[in-house]
Every structure is written in C-alpha cells, then in structure tokens.
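Below is one structure, written out as structure tokens, with a few remarks after it.
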Amino acid sequence: MSRETWKKVFSTIPDVELVELADFWSIQVKGFRQINQENIKHARAMVITEALKPRNLKMIKAYYTINDDETDEPADKGEEITLDALIEIYEEGKELHLILGGLYASEEEKFEKLALELEEALLEKYKVDDLSSLVDSKEKKEDEVPQEKGESKSTSEWEKKWNKSEDKNKDLRAKIGEWEKKYSQLKQQSKEEKQSALSEKFKLQQELGTERAQHRETVENNKKTADENETLKEEVAKLKGEISHLNAMLLHQQQEVAATAAKVDEKQPAITDQKEVVLVGDPKNKLTENSAKHTIRVLELKDVPEALESDWLEKCDEVWMMTYLVPPQVRRKIKRTVQKSIKEFSDFPTMKRYIEKG
C-alpha cells in the first residue's frame, strides 16, 4: 500500500487520539520533547511524516491489523462486510481511521476496494472535499452539547455506544501493548541470535583462513624440501663419482711412480755420499738441482697434505723449509707431524751458504 494512502488514513485521526497514538507508537519529532495537546496542532504534520517512515509504518500496519482482527464489527463472524455496515459503524462512533486502517492493512483487493467506496460515500454524504474535514466536523459536533429544557442528564444511547467503543479500544490497546512487548522481546532475541551467529561465522572463517594458509605453507615447504633433497642427492652422487674417479687416478699415478722409482733404482747405482733432502717451498733456483752433496726434492705447498699422510718425509734424510715461502700454519703442522729435526731458512742466500759448506 502506498504512502499516500496511509497519509490519507492518518489524516482522519483526531488530535486528541493522535497524541495518544504518537506516544504508543513511540513517534518522536525533532524540535518537540513530547507531543501533547498543547503542541499537536503545530506538530501534527511532522508526526504524520515520521509515522510514514518504513521503520514506523510496518509497526503501525500491524497495529491496525490486530485492531481489525480483534473486533467483531461491522458484521458477525461469517457475514460479509458491506458498505452500509461500515457507514453504520462510523456513524455509531467508531473512529474512521480504525475502519480504514483495518481495511487497508489487510492488503486484500476486496477490502481496499471497499475502503475506497467508503471514502467516496462519506465525502458525498457529508458534502466535504477530503476525509480530514469529516474529523473537523465530528469534533465540532461533539463540542456542541444540546441544552434542552428538562432534558435528562442520563447517558444517551449514542454515549453508551461511544463508551462501549472506548472500552473496546482500551482493551485493544492493552492487547497491542502486550503484542508490542512480545514483538520487542522476539526482535531483541533475534538480533542477539543473529549477532551471535555472525560472530561465530566470522570466527570460523578466520580459523578456516588460518588453517588454509598453514596448509598451503606446509605444502610449499614440503615441496621445497623435496626439491632440495633431490638436488642434494644428485650433487652427492656426482661428488661420489668424482671422488671415485680421483681415487682411481691417484692410485694409477702412485703405481706409475712406484714403477718408475723401481726402474731408476735398478739402473742407477746407489749414491751413498749424498743426503736425500725434502725442501718445502720452491725457491725457483737451479742450485737445488746441481748440489753435489744433496739430492733435493722440492715439495710444493699444495702437495704438503698428501706428503704428511704418507711416510715420505720420514724416509728422507733431512727436511728443509723456506720460511718466507711457507705460511706459519703449514710450518706448525709439518713440525707437529714430522718426527725429526727440520732445518729452516729465512732466505735463499742462507740456504745457498749452507749447501756450499756441505
């Protein structure tokens, strides 16, 4: 149902009752701390505007639905509601906004059509241009109290019906109050449950995200580790192959050296007057080749580890070292390993004089 339709319904609410409904519907208007009989004339338009907002209109429609469902008028249960019956109820004192509100709140086409027929009939019957004029006319009529001479002060038939309608409205307001209370409780409960569900969902999503991230990281690390292991295996296999090849070459060379040495020993007579010397550090001088009293074999620095592992240095007669050509750490290692006196020369002239002296 359109806002214009409900605006038309709200226009039929008398000022006195609009004050009560504004409080009941919890309608608040900017600029007015409280809606009362003194300011309703000025605040009326703003109250209706606020009531037409979606969050309020939904609750107000429920109010008219309950109000309409609880009443047994205009016809007994099972009887069809007619235009004449609605006019009769209105003229007996029921507020027009309750009648129209109940019809429009049903949102059934037949009741909406009946509400429009009722509006047209009342406008034509009472010769007014809009529905709000019916309220003004009714309020004015109620203010005029006939003062006939000798008239009894007892309650008239119309007043009885009015009081009956007021009592029924009070009962309906009480029931609506209970319904609103239950509705508020259910709404709050639903809000809390929804918030709890959202919190739980958010928590689970976070946990799921963390688990997925950890799973991805674990998979990536495992793959990386597997790749590294494969690479290491290949490198180890390659190194083992190279070591085997080098060992084979070394063994072959050792065999060749041994064979060559044996042949030399067989061909050359033993020189008993020459000392076999191992010189650590090559001075690059032919004196080491032409000494008459010494057979000098130069030991390159790169060959020192292999010589220390063999018994070569132990079998020679003397071990000489060119200290200016041999690093300190190598000298210390040789001294710790070789079990004989080692002659050290700080320069080549010193060694040359030592050789010449014999």
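The values are calculated or read from the model by the stated rules, or taken from the named source; none is laboratory data. All values reported here derive from a predicted model rather than from experimental measurement. As a convention, Cβ positions derive from the backbone with ideal geometry for all residues, glycine included, and neighbour counts pool all protein chains shown. Heads up: the accessible areas ignore ligands, DNA and RNA and are worked out on the full protein's heavy atoms, side chains in. Shrake-Rupley method; radii C 1.70, N 1.55, O 1.52, S 1.80 Å.
Here are a few things to note about the model shown:
- Considering the stretch 297-314, the residues that are in a helix (DSSP H, G or I) and in contact (Cβ under 8 Å) with a residue 12 or more places away in the chain include one that is farthest from the chain's Cα centre (by Cα), namely E314.
- Some residue of the stretch 289-311 being of a type in the set (D, E, K, R), over 30 Å from N247 (Cβ atoms) and loosely packed, with under 12 Cβ neighbours inside 10 Å: yes
- Residues within the stretch 259-281 that are open to solvent by less than 60 Å² (accessible area, probe 1.4 Å), assigned to a helix (DSSP H, G or I) and modelled with pLDDT of 70 or more, tallied: 1
Residue by residue, here is whether (1) in contact (Cβ under 8 Å) with a residue 40 or more places away in the chain; (2) among the aliphatic types (A, V, I, L, M) holds:
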residue	(1), (2)
W6	yes, no
F10	yes, no
A22	no, yes
S26	no, no
F32	no, no
I35	no, yes
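- Qualifying position, being closer than 27 Å to E178 by Cα and at pLDDT below 90, among N36, N56, N67: N67
- Selection within the stretch 332-358: residues that are within 12 Å of L308 (Cβ to Cβ) and surrounded by 17 or more Cβ atoms within 10 Å (Cβ to Cβ). The member of this set that is farthest from the chain's Cα centre (by Cα) is V338.
- Qualifying residue in the stretch 8-25 (condition: over 20 Å from I99 (Cβ atoms), over 41 Å from the mean Cα position of the chain (by Cα), part of a helix (DSSP H, G or I) and basic (K, R)): no
- For the stretch 78-115, the tally of residues that are over 15 Å from L134 (Cβ atoms), in a helix (DSSP H, G or I) and open to solvent by 60 Å² or more (accessible area, probe 1.4 Å) stands at 5.
- Residue match in the stretch 292-308 (condition: modelled with pLDDT under 90 and on the phi > 0 side of the Ramachandran plot): no
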